[in-house]
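Chemist: Provided herewith is a single structure, encoded as structure tokens, for subsequent inquiry.
The values are calculated or read from the model by the stated rules, or taken from the named source; none is laboratory data. The shown structure was predicted, so the numbers you read here are calculated from the model rather than taken from an experiment. We place every Cβ from the backbone using ideal geometry, glycine too, and count neighbours over all the protein chains shown.
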């Protein structure tokens, strides 16, 4: 039997923290290794305990969850931690900022327990927890903030023409199933293409792939 997924729970409300911990610890494949109530403590504990997943609130004292996420999973972090942002605030700006800070997923606190547990397992597996339709919405709202880099383009990318085509469809917010239907490919083949694209471009998930495509001027 594989070792349980180690989870750090960070929320400034003690009751919510305890509730999350109880739900998580009741699962045989999950284990709460620590709890804290502010972003600074979250960063310190995560670095010391090295959890597999950090469940992070957004609005916390001392250091907010977005900045704590940036310090744990943002660009340039040598050993990034997987962060699942869970908040009561269903605002696009929070989703955008959390993902830009390096979060691997985003859930609302009123999501059912099963969704929280599935979210932790999804993030722990290395996948991003963000539905394609949410990606599409974020791109629609915030694409104009992502400025193409100078000298950008597709000429120097280590992608085949088909992989580049799949990348552009990801950037359009299409799901794997929609990409498969568009290109008349099997779902498994599309999954293979997506995995190759992420590996070749050193991207963590399809959300980063969307941002990459806009930064390179491949998508507008």
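Chemist: Starting from residues that are at pLDDT below 75 and outside any helix (DSSP H, G or I), keep the ones in the stretch 85-101 and report whichever is farthest from residue 13 (Cα to Cα). Even if it seems obvious, please write down each step before you answer.
Modeler: Pass one, the stretch 85-101, residues at pLDDT below 75: 89-96.
Those still in the list that are outside any helix (DSSP H, G or I) too: 89-91.
Details: 89: 15, 90: 18, 91: 20 Å.
My answer is 91.
Chemist: Suppose we filter the stretch 195-219 for residues that are crowded, with 20+ Cβ neighbours inside 10 Å, under 20 Å from the mean Cα position of the chain (by Cα) and farther than 21 Å from residue 77 by Cα; how many remain?
Modeler: So the answer is 3.
Chemist: Related question: Can you name every residue in the stretch 37-53 that is outside any loop (DSSP other than H, G, I, E, B) and closer than 22 Å to residue 112 by Cα?
Modeler: Here is the first cut: in the stretch 37-53, the ones outside any loop (DSSP other than H, G, I, E, B) are 39-49, 53.
If the condition is that a residue be outside any loop (DSSP other than H, G, I, E, B) and closer than 22 Å to residue 112 by Cα, then 53 is the only one that fits.
Chemist: Could you grab me the full set of residues in the stretch 46-89 that are within 16 Å of residue 120 (Cβ to Cβ), more than 16 Å from the chain's Cα centre (by Cα) and without any contact (Cβ under 8 Å) to a residue 40 or more places away in the chain?
Modeler: 46 - this is the single residue of the stretch 46-89 that is within 16 Å of residue 120 (Cβ to Cβ), more than 16 Å from the chain's Cα centre (by Cα) and without any contact (Cβ under 8 Å) to a residue 40 or more places away in the chain.
Chemist: So residue 35 clears everything in (1) surrounded by 16 or more Cβ atoms within 10 Å (Cβ to Cβ); (2) on the phi > 0 side of the Ramachandran plot except one condition, right? Which one?
Modeler: (2)
Chemist: Any residue at all in the stretch 183-206 that is in a helix (DSSP H, G or I), within 30 Å of residue 21 (Cα to Cα) and either modelled with pLDDT under 65 or touching a helix residue (DSSP H, G or I) at 6+ places or on another chain (Cβ under 9 Å) (or both)? First the steps, then the outcome.
Modeler: Restricting attention to the stretch 183-206, the residues satisfying the condition of being in a helix (DSSP H, G or I) are 183, 187-201, 206.
Next cut, within 30 Å of residue 21 (Cα to Cα) only: 206.
Those still in the list that are either modelled with pLDDT under 65 or touching a helix residue (DSSP H, G or I) at 6+ places or on another chain (Cβ under 9 Å) (or both) too: 206.
Yes, some residue in the stretch 183-206 is in a helix (DSSP H, G or I), within 30 Å of residue 21 (Cα to Cα) and either modelled with pLDDT under 65 or touching a helix residue (DSSP H, G or I) at 6+ places or on another chain (Cβ under 9 Å) (or both).
Quick grid of which residues meet (1) surrounded by 15 or more Cβ atoms within 10 Å (Cβ to Cβ); (2) modelled with pLDDT of 95 or more; (3) in the same structural domain as residue 113 (by TED's automatic domain parsing); (4) farther than 15 Å from residue 84 by Cβ:
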residue: 24; (1), (2), (3), (4): yes, yes, yes, no
residue: 30; (1), (2), (3), (4): yes, yes, yes, no
residue: 54; (1), (2), (3), (4): yes, yes, yes, no
residue: 58; (1), (2), (3), (4): yes, no, yes, no
residue: 61; (1), (2), (3), (4): no, no, yes, yes
